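I have placed the structure first, in the form of structure tokens, so that the comments after it can refer back to it.
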Amino acid sequence: MSEREALGPRARNRAAIEAALRDVGRRHLAEHGAAALSLRAVARDIGIAPSALYRYVRSRDDLLTLLIVDAYDDLADALDAATTPADPPRTAFVAFATALRAWARSNAGEYALIYGSPVPGYHAPGDVTRRSGTRPLALLASLAVRVDAVPEVPGTSGSTQRAAAAALAPAAADPAVPRGADPASIARTIAVWNLLLGSIASELFEQLGPVTDDPDAVYAGITDLAAALLFG
């Protein structure tokens, strides 16, 4: 007997509606964007009255929060599956970066929701989204701390880099930051993270226009550059 079959009729019905809520919500994200998300439209596509949907989510903001947490966890699970502690740090990073882009290309609506422009009028509740939201970046940080020292980058200003690291020193105490991550490592991790996210956003949303017919090669070059920033 499956886990679902072991549930009573009411629990099975609730599980089915919750699954449909997530599926239809994700589809509406992809088709209409987060700002146009509507509980009434979602309820219509599920086949239930809007009043019945309020038993599961109280508002559009609740639905957005649910979809945000799901998106972060789904991405983090994909990144976890792509990397292994047994791989050398650079190899694991390339796998991480490749999986990040692959997930974004397959889930453009959810990528826009968690890493795109803020949804007007919506403020994510940090106590609900924080654990899931920090997972992808924390995994990247865990790769960065596997090197003995942050590599120097020719042409950069030592004083500017030290100031940036000092500004991030309080982050070292964050529970989501891996042990052993010093401020310089945190600063470099954030720089690489922004480099990857910016590259993916430019590709997904055509922010730079039709600049290339080989985006795979462009992203491979960016990944290689990012790896050099982390590992030398």
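Along its three principal directions, the equivalent ellipsoid of the range 1-58 from the Cα gyration tensor extends over semi-axes of 24, 13, 8 Å, largest first. Taking every full run of DSSP H in the chain, the ones that stretch at least 27 Å from end to end by Cα along their long axis and average 0.5 or higher on the Kyte-Doolittle scale are 183-204. Relative to its residue count, the range 3-118 spans a Cα convex hull of 118 Å³ per residue. Relative to the Cα centre, the charge distribution of the chain, modelled as +1 at Lys and Arg Cβ and -1 at Asp and Glu Cβ, gives a dipole magnitude of about 860 debye. Stokes-Einstein at 10 °C, 1.306 mPa s, Kirkwood radius from Cα pairs: D for the chain in µm² s⁻¹? Approximately 80 µm²/s, per Stokes-Einstein.
With one equal scatterer per alpha carbon and no solvent term, the Debye-computed log10 I(q)/I(0) for the range 100-174 at 0.13, 0.18, 0.27 1/Å reads -0.66, -1.05, -1.27. Note on the range 78-151 and the range 201-232: Cα centroid distance 16 Å, given to the nearest whole angstrom.
Could you tell me the distance between the Cα centroids of the range 176-200 and the range 1-71, to the nearest Å? The distance from the Cα centre of the range 176-200 to that of the range 1-71 comes to 34 Å.
With a Förster radius of 30 Å applied to the beta-carbon distance between Arg40 and Asn194, the computed FRET efficiency rounds to 0.20.
When Ile68, Ile17 are sorted by how many other C-beta atoms sit within 10 angstrom of their C-beta, beginning with the fewest, the order is Ile17, Ile68. Note on the chain: dipole from Cβ charges, positive end direction compared against Ser51, Val153, Ala165; the farthest Cα belongs to Ser51. Its Cα centre serving as origin, the range 77-175 has a Cβ charge dipole (Lys and Arg +1, Asp and Glu -1) of approximately 120 debye.
Each Cα pair under 8 Å and six or more residues apart adds its separation to the average, and for the chain the resulting relative contact order is 19 percent. Positive end of the dipole of the chain (Cβ unit charges, origin at the Cα centre): among Asn13, Ser142, Ala102, the Cα lying farthest that way belongs to Asn13. How many percent of Cα pairs in the range 43-102 exceed 17 Å? The proportion of pairs with Cα distances above 17 Å equals 57 percent.
Each value in this text was obtained by applying a stated rule to the coordinates, not by laboratory testing. As the structure is a computational prediction, the values presented were derived from the model and not from experiment. Neighbour counts are summed over all protein chains in view; Cβ atoms, including those assigned to glycine, are modelled from backbone coordinates with ideal geometry.
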